[in-house]
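Trainee: Here you go, one structure.
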Amino acid sequence: MTQRRRLVAGNWKMNGLRAARAEFDAMLSGAADIADCELMIAPSFLLVADFAAAAKGGKVAVGAQDCHAKASGAHTGDVSAEMLADAGASAIIVGHSERRTDHGETDETVKAKAEAAWRAGLTAIICVGETEGERDAGQALSVVERQIAGSVPEGATAANTVIAYEPVWAIGTGRTPTIADIKEIHDAMHAQLVARFGGEGEGMRLLYGGSVKPGNAAEIFAVENVDGGLVGGASLKAEDFLAIARA
Ligand code: PEP
């Protein structure tokens, strides 16, 4: 079995003013002795360059939460993957459910954004996950499989792509699926990626996201085919984020 390196990525969403650099600095110094886990924080676009400069040589990489599919052009208010690479980002989260819902992003849009991340030399962290209604209707697995089929471009490799399973109803709610439910979805995602991408799919990391906290991270990360987490609220504080990384 391929050994996949654990990744804990923090999504700061629309949180954090420039003064939040102090919290990020605390993460950098607290992470100095963490060896068995990659760490990443995705702050707002405005903080990427400053955080990336501070993170040079450190154990916490800096990512972004979205990008436009095009490299440049007449797209008011948008930010390209090339701009994010230039600012020092190493990865871009694409297809987060808040983008799919708030901005009407489809699997096609997400796929184009993942390709944009690669074009700029960055890793794409592609998010998928069912709504509560879909889970209640017994459609969780089929929704996730459909989103992976539609959002993950041809050309995905273990190095350029990470998949994050984030059930929409678990994000920011304090609720999580059962361990058995997480295992079922992660096993199925892994099998789907291996069937489509062979050895590259075997090595592709699968993160769980949705109300991961210091108190539940160890149990979730122990599940086979869970290679770490995408963490929202609990990534805003160095103490919680580092506790999750050590779980
Ligand atoms: C997220 O939005 O990516 C997320 C996982 O949020 P939270 O950890 O706050 O549920």
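The values are calculated or read from the model by the stated rules, or taken from the named source; none is laboratory data. Everything quoted here is computed from the prediction, not taken from an experiment. For neighbour counting, all protein chains shown are included, and Cβ atoms are generated from backbone atoms with ideal geometry for every residue, glycine included. Heads up: the accessible areas ignore ligands, DNA and RNA and are worked out on the full protein's heavy atoms, side chains in. Shrake-Rupley method; radii C 1.70, N 1.55, O 1.52, S 1.80 Å.
Trainee: Just give me the residues in the stretch 80-108 being of a type in the set (Val, Ile, Thr) and buried (at least 18 other Cβ atoms within 10 Å of the Cβ), in sequence order.
Mentor: Ile92, Ile93, Val94
Trainee: Would you check which residues across the stretch 208-238 are of a type outside the set (A, V, I, L, M), farther than 20 Å from Ile126 by Cα and in contact (Cβ under 8 Å) with a residue 12 or more places away in the chain and list them?
Mentor: First, the residues of the stretch 208-238 that are of a type outside the set (A, V, I, L, M): 208-211, 213-216, 219, 221, 224-225, 227-229, 232-233, 235, 237.
Keeping just the survivors that are farther than 20 Å from Ile126 by Cα gives 213-216, 219, 237.
If the condition is that a residue be of a type outside the set (A, V, I, L, M), farther than 20 Å from Ile126 by Cα and in contact (Cβ under 8 Å) with a residue 12 or more places away in the chain, then Lys213, Pro214, Asn216, Glu219, Lys237 are the ones that fit.
Trainee: Which ones in the stretch 148-169 are within 16 Å of the ligand (Cβ to nearest atom) and either surrounded by fewer than 24 Cβ atoms within 10 Å (Cβ to Cβ) or of a type in the set (D, E, K, R) (or both)?
Mentor: In the first step, residues of the stretch 148-169 are kept if they are within 16 Å of the ligand (Cβ to nearest atom); the result is 151, 162-169.
Residues satisfying the conditions are Glu166, Val168, Trp169.
Trainee: Cβ-Cβ below 7 Å, separation at least six or inter-chain, first residue in the stretch 110-121 and more than 11 Å from Met83 (Cα to Cα) and open to solvent by 50 Å² or more (accessible area, probe 1.4 Å), second aliphatic (A, V, I, L, M) and in a helix (DSSP H, G or I): which pairs?
Mentor: Arg119/Ala81; Gly121/Ala85
Trainee: Tell me, yes or no, whether the stretch 228-246 has at least one residue that is buried (at least 19 other Cβ atoms within 10 Å of the Cβ), touching a strand residue (DSSP E or B) at 6+ places or on another chain (Cβ under 9 Å) and over 25 Å from Arg21 (Cβ atoms).
Mentor: no
Trainee: Which residue is nearest to the ligand (Cβ to nearest atom), if the candidates are limited to the stretch 207-225 and must be outside any helix (DSSP H, G or I) and farther than 27 Å from Gly16 by Cβ?
Mentor: Val223
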